[in-house]
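Colleague: Right, I'll just put the structure down here and ask away after.
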Amino acid sequence: MNSRNGVAPPDTNGDVGPNHYVQWVNFSYAVWSKQGSLLYGPVNGNTLWSGFGGMCETRNNGDPIVLYDPIADRWFLSQLAFIDPSEYHQCIAVSQTADPTGPWYRYDFLFSTTMLNDYPKFGVWPDGYYLGINQYVGVGPRVWAGQG
């Protein structure tokens, strides 16, 4: 297997903003200029939460999401953090500016103590960020929203 993290499938996720392209593959992400110059990375995804503390800083469990929010002109990055079978978190980072190499607002949401918040998918809307996940064991799909 020829990948930085040695896992498959690659879970490739990325988005393009006015000046940058950000891509996250499995447990690592990187930032490029639109001209193709590597500006940052690749680094482990949980690097976004360095100094934040908690599971988002110490775990790097993947299922990455990268979105550019054109309404707020900022970046939205997210991944899972969990210790199976007792804690399942969603880690979210929102850039403070339009520059994805700059500072971030960081969040850690505990979703469950019994079920994985698997296959997370986010949407950007004028009134917030929307999340859909799959929770197994008879629960199935779930949707959450947070004000942007």
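Please treat every number below as a calculation from the coordinates, not as lab data. No experiment lies behind these values; they were computed from the predicted model shown. Every residue, glycine among them, receives a Cβ derived from its backbone with ideal geometry; neighbour counts consider all protein chains shown.
Colleague: What are the semi-axes of the equivalent ellipsoid for the stretch 3-66, taken as the square roots of 5 times the Cα gyration tensor eigenvalues, largest first, in whole Å?
Modeller: One finds semi-axes of 21, 15, 10 Å for the stretch 3-66.
Colleague: Next question. Cα centroid distance between the stretch 10-59 and the stretch 79-103, in Å?
Modeller: Result: 11 Å between the Cα centres.
Colleague: Moving on to the next point. Whole-Hz Karplus ³J(HN,Hα) for the stretch 40-53, in order, using 6.51 cos²θ - 1.76 cosθ + 1.60 and θ = phi - 60°, x for Gly and Pro?
Modeller: 7, x, x, 9, 4, x, 6, 4, 4, 9, 4, x, 7, x
Colleague: A further question on this structure: Using Cα-Cα distances under 8 Å and only pairs 6 or more residues apart, what relative contact order does the stretch 1-128 have, in percent?
Modeller: Normalised by residue count, the contact order of the stretch 1-128 is 17 percent.
Colleague: With n ≥ 4 as the cut-off for DSSP H runs, can you work out [θ] at 222 nm for the chain, using -39500 (n - 2.57) per run divided by the number of residues, rounded to the nearest 500?
Modeller: -500 deg cm²/dmol
Colleague: Another question, if that's okay. Compute the normalised compactness of the stretch 12-119: alpha-carbon radius of gyration over 2.2 N^0.38 Å, N being the residue count.
Modeller: Ratio of Cα Rg to 2.2 N^0.38 Å: 1.04.
Colleague: With a Förster radius of 35 Å, plug the Cβ-Cβ distance of TYR107 and ASP84 into 1/(1 + (r/R0)^6) and report the FRET value to the nearest 0.05.
Modeller: That pair, TYR107 with ASP84, gives E of 0.95.
Colleague: Loop only by DSSP, 13 or fewer other Cβ within 10 Å of the Cβ. Give me the trypsin sites (Lys or Arg not before Pro) in the stretch 32-114 that pass, ordered by residue number.
Modeller: Passing sites in the stretch 32-114 are LYS34.
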